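A.B. asks: Structure in structure tokens, see below.
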Amino acid sequence: MPKGIEIRDAHFPDRAPIDAYGNGGFRFADMSHRGSILCLPSGIYGWEVTPESELNATLLARVLADARDIEVLLVGTGLEIRLLPQPLKSTLREAGIISDPMSTGAAVRTYNVMLAEQRAVAAALIAV
């Protein structure tokens with residue numbers, strides 16, 4: 001008997017460079033995703049964050065779960081650079097992660113370079 005439509009969390013189970021961004025989403029690995037994304041060693045995940053979201057450790061729980069494989073977290077904060085709240089920076093630092101907020105465009109470009117260099121990089125990218 002058919003089950004109907006099955007809704008699953010957006011997840012691509014590998015690392016991939018970001019081919020394009022804009023219009024509210026991202027293109028990677030011959031696919032597109034509408035909305036924000038987390039690019040982690042364990043894959044690329046849909047991320048329910050908007051430019052208005054207040055970033056905190058709860059929103060980055062998946063990043064913290066992968067902390068042992070992440071040296072640098074690039075945070076694409078949208079069109080404008082936003083500083084990370086001090087409690088979040090401290091939580092990331094305690095997990096051994098260097099955080100670097102920048103515009104989403106700069107974060108995409110930097111992520112692609114660091115990924116090509118096989119660095120222990122992750123990115124939290126807010127869609128623009």
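A.B. asks: Pairs only if they're at least six apart or on different chains, beta carbon under 9 angstrom, first in the stretch 100-112 and of a type in the set (D, E, K, R), second open to solvent by less than 30 Å² (accessible area, probe 1.4 Å); list them, first residue then second.
C.D. replies: Close Cβ pairs satisfying both conditions: Asp100/Val72; Asp100/Leu73; Asp100/Leu74; Asp100/Val75; Asp100/Ala107; Arg109/Ile18.
A.B. asks: Find all pairs meeting these conditions: Cβ atoms under 9 angstrom apart; at least six residues apart or on different chains; first residue within the stretch 55-71 and modelled with pLDDT under 95; second residue surrounded by fewer than 15 Cβ atoms within 10 Å (Cβ to Cβ) and not in a loop (DSSP other than H, G, I, E, B).
C.D. replies: Within 9 Å, no pair qualifies.
A.B. asks: Right, here's the next one. If Leu73 satisfies every condition in (1) out of contact with any helix residue (DSSP H, G or I) (no Cβ under 7 Å at 6 or more places or on another chain); (2) within 18 Å of Tyr111 (Cα to Cα) but one, which is the exception?
C.D. replies: Single failed check for Leu73: (1).
A.B. asks: Next question, about the same structure. Please go through the stretch 115-128 and give me each residue that is in a helix (DSSP H, G or I) and within 12 Å of Ile70 (Cα to Cα), ordered by number.
C.D. replies: Leu115
A.B. asks: For the stretch 75-99: of the residues being in a strand (DSSP E or B) and closer than 17 Å to Ala57 by Cβ, which is farthest from the chain's Cα centre (by Cα)?
C.D. replies: If we take residues in the stretch 75-99 being in a strand (DSSP E or B) and closer than 17 Å to Ala57 by Cβ, then Ile98 is farthest from the chain's Cα centre (by Cα).
A.B. asks: From (1) within 19 Å of Arg27 (Cβ to Cβ); (2) out of contact with any helix residue (DSSP H, G or I) (no Cβ under 6 Å at 6 or more places or on another chain); (3) open to solvent by less than 40 Å² (accessible area, probe 1.4 Å), pick out the condition that doesn't hold for Val113.
C.D. replies: Only one criterion in (1) within 19 Å of Arg27 (Cβ to Cβ); (2) out of contact with any helix residue (DSSP H, G or I) (no Cβ under 6 Å at 6 or more places or on another chain); (3) open to solvent by less than 40 Å² (accessible area, probe 1.4 Å) is unmet by Val113, namely (3).
A.B. asks: Further question on the same structure: Can you go through Thr50, Thr77 and tell me which one is open to solvent by less than 40 Å² (accessible area, probe 1.4 Å), out of contact with any Asp or Glu (no Cβ under 9 Å at 6 or more places or on another chain) and touching a residue at least 24 places away in the same chain (Cβ under 8 Å)? Let's see the steps before the verdict.
C.D. replies: Working: Thr50 fails: open to solvent by less than 40 Å² (accessible area, probe 1.4 Å).
It is Thr77.
The values are calculated or read from the model by the stated rules, or taken from the named source; none is laboratory data. Keep in mind it's a predicted model, so treat the numbers as computed, not measured. A quick note on method: Cβ atoms are made from the backbone with ideal geometry, for glycine too, and the neighbour counts reach across all protein chains shown. Areas reflect the complete protein model, heavy atoms only, side chains present, ligands, DNA and RNA absent. Shrake-Rupley method; radii C 1.70, N 1.55, O 1.52, S 1.80 Å.
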